[in-house]
Amino acid sequence: MLENILFGYLVVAVVVLCFCLTIFWHDQTTPKNDLTSWAIILIAPLFYPITIPLSIIELSNFQTKKY
């Protein structure tokens, strides 16, 4: 069970990393040799388990307030 959760986390982390790298690479305003930008890109996938549930909660709260 724990192996499945870890595998799922790693798969989604790699997908998020690829998505962030693609966006970063196509962004013309950010220099590609900036160390801070690369650090953020490499750290971002580690925090997706926190940010995605919080985003879902905020979106659901927004939808309930709207109606």
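The values are calculated or read from the model by the stated rules, or taken from the named source; none is laboratory data. The shown structure was predicted, so the numbers you read here are calculated from the model rather than taken from an experiment. Side chains included, ligands, DNA and RNA excluded: accessible areas come from the protein's heavy atoms. Shrake-Rupley method; radii C 1.70, N 1.55, O 1.52, S 1.80 Å.
So what is the calculated 222 nm ellipticity per residue for the chain, using -39500 (n - 2.57) for each DSSP H run with n of 4 or more, over all residues, to the nearest 500 deg cm²/dmol?
Numbers: 3 runs with 53 residues, N = 67.
It comes out at -26500 deg cm²/dmol, rounded to the nearest 500.
What accessible area per residue, rounded to a whole number of Å², is obtained for the chain using a probe radius of 1.4 Å?
Details: 5770 Å² over 67 residues.
Per residue, the chain has 86 Å² of solvent-accessible surface.
Dimensions of the chain along principal axes (Cα, Å, largest first)?
45, 38, 17
Can you pull the percent of the chain's accessible area that's carbon plus sulfur, 1.4 Å probe, other chains left in place? Display every interim value, and only then the final one.
Numbers: 4340 of 5770 Å².
Ligands and nucleic acids excluded, carbon and sulfur give 75 percent.
Whole-Hz Karplus ³J(HN,Hα) for the range 41-54, in order, using 6.51 cos²θ - 1.76 cosθ + 1.60 and θ = phi - 60°, x for Gly and Pro?
Each residue's phi maps through the Karplus curve to give 4, 7, 8, 3, x, 6, 9, 5, x, 8, 6, 5, x, 5 Hz.
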